[in-house]
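Reading through the structure tokens given below for one structure.
Where a number appears in this text, it was derived from the coordinates with a stated rule and is not lab data. These numbers were taken from a predicted model, which means no experiment stands behind them. Backbone-built Cβ (ideal geometry, glycine too); neighbour counts: all protein chains shown.
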Amino acid sequence: MPNTADVLVIGGGIAGLSAAAEIASQARVIVLEGESQIGFHSSGRSATMLHYALGDPLIRALTLASRSFFDSPPDGFSDVPLGRRMAVLIHAREDERTALDALNEDISKFAALQRLDATGVHQLCPLLRPDALYGIADPNGIRLDPHAMLQGFARQLRRSGGELRTDARVAVIGRRSGSWQVTTQAGDKLSAPIVVNAAGAWADAVAKLAGVRPIGLLPKRRTIITFDAPVGTDLELLPFAKTVGDELYFAPESGRLFACPMDEVPSDPCDAQPHEYEMALAVERMQERTTVTVQRIVGRWAGLRSFTADKHPVVGFAPDAEGFFWLAGQGGAGLQTSPAMSRIAAALVLAARWPVPGVAEAELSPARFLRQPA
Ligand SMILES: Cc1cc2nc3c(=O)[nH]c(=O)nc-3n(C[C@H](O)[C@H](O)[C@H](O)COP(=O)(O)OP(=O)(O)OC[C@H]3O[C@@H](n4cnc5c(N)ncnc54)[C@H](O)[C@@H]3O)c2cc1C
């Protein structure tokens, strides 16, 4: 196998694979993933929702620009749907009503919402306590299938002649004669004029390997638990239900329920594991907001959501290092924004036209961090 390419992508999560698949239609691409399987870190540990309560107008615009991909992926992309409709319910108590009104106004620019009174809230989600008096519902939320997405992008990459190498942890990066020279832990040497840094929580570490100034990425741990639903609960009809503040969300999950206390615990890049405190918090908040008693935690996982200082992703060439391309900082919306983000990454790498109207390049550019002192 040749070890030279036009573009080396470091990271086989959703960011790296989706961008690689787009770029591969016009360039030779090799993806290097340090783990033995794709999506092992954040991309395989998410809550798998597409919804508009996440983030701010920029994240919502990237989500909107991604939506049609999930509804109608390219021919042959996947044998199974990339997701299924799941209503999203944002609920509020009396003291949270103003916050719900504000969120309703923000999201209404992106999705057709229904306002619900207490009866409507409990019809949609009978598990909520009676103090959930107000709600907004988006009947068109999507419960994504990250496995189908990752496999689909990997297949698209290979069909275009691109390559995916797992167990290929990048250990050394240097630039010589207009090309990046990359060495894996196993000693394989590869080179390309362009390196895409899609290393998720490790993106700053990868930049440092290359002698490129880091962007100040902050990985934050988030925890999810699963448990049995009360006997008789019709899981098929339940929505993804979220408090208007960042306190709790829960949804049906493989015949049970999952709940997340929306924790954001700063962490070094690592194989994140759930901690007792956040699991207990999930139980407490679930029991505070719903009539469910969590008898036993059946499953648990944690993952890292990596943020920049302004909580916007970073996509673009580093202004301080020729051919070094950033694709990082997807925070809590990396799955639902991946179709738009990968189109943007490919357009910038291939010097093509900007593909997402309504989103400005400067808002996503790594240059915004270099204006600040190191
Ligand atoms: C609990 C939780 C809930 C979430 N819920 C949602 C949601 O509902 N909707 C949504 O859209 N998003 C959600 N997210 C966010 C989403 O999962 C992330 O934004 C997304 O997965 C980030 O993708 P990534 O490819 O950047 O990172 P990753 O998936 O972590 O991929 C980065 C890859 O780079 C590899 N790597 C690192 N260093 C090297 C190296 N030196 N050499 C080779 N490979 C390397 C790693 O092994 C890793 O596989 C959630 C995240 C969590 C944790």
query = Any chance the stretch 82-90 includes a residue that's part of a helix (DSSP H, G or I) and not aliphatic (A, V, I, L, M)?
reply = no
query = Of the residues that make up the stretch 187-197, is at least one out of contact with any Ser or Thr (no Cβ under 7 Å at 6 or more places or on another chain) and either of a type in the set (S, T, N, Q) or away from the ligand (no atom under 15 Å from the Cβ) (or both)?
reply = yes
remark   = Considering only strands (runs of 3 or more DSSP E) wholly within the stretch 103-156, the ones with at least 2 residues that are more than 16 Å from Ala251 (Cβ to Cβ), free of Cβ contacts under 8 Å to residues at least 40 places away in the same chain and touching a strand residue (DSSP E or B) at 6+ places or on another chain (Cβ under 6 Å) are 114-116
message = Checking the condition among the β-branched types (Val, Ile, Thr) and out of contact with any Phe, Trp or Tyr (no Cβ under 8 Å at 6 or more places or on another chain), which residue from Thr226, Thr308, Thr293 passes?
response = Thr293
query = Given the structure, is Gln287 more than 17 Å from Gly332 (Cβ to Cβ), surrounded by fewer than 16 Cβ atoms within 10 Å (Cβ to Cβ) and touching a Phe, Trp or Tyr at 6+ places or on another chain (Cβ under 9 Å)?
reply = no
key: Contacts under 7 angstrom Cβ, first residue in the stretch 30-48 being on the phi > 0 side of the Ramachandran plot, partner part of a helix (DSSP H, G or I) and within 6 Å of the ligand (Cβ to nearest atom), 6 or more apart   = Gly39/Ile14
Any hit, the stretch 262-270, residues being farther than 30 Å from Gly316 by Cβ and more than 10 Å from the ligand (Cβ to nearest atom) = no
inquiry  = Anything in the stretch 111-123 that is surrounded by 16 or more Cβ atoms within 10 Å (Cβ to Cβ) and closer than 24 Å to Leu62 by Cβ? List them, or say none.
reply    = Ala111, Leu113
request  = Please give the number of the condition Ala65 fails out of (1) under 24 Å from Ser342 (Cβ atoms); (2) buried (at least 19 other Cβ atoms within 10 Å of the Cβ); (3) touching a strand residue (DSSP E or B) at 6+ places or on another chain (Cβ under 7 Å); (4) not acidic (Asp, Glu).
outcome  = (3)
query = Mind checking which residues of the stretch 305-359 are in a helix (DSSP H, G or I), more than 12 Å from the ligand (Cβ to nearest atom) and either within 16 Å of the chain's Cα centre (by Cα) or without any contact (Cβ under 8 Å) to a residue 24 or more places away in the chain (or both)?
reply = Arg343, Ile344, Ala347
message = Tally up the residues in the stretch 360-371 that are surrounded by fewer than 23 Cβ atoms within 10 Å (Cβ to Cβ) and touching a residue at least 40 places away in the same chain (Cβ under 8 Å), please.
response = 7
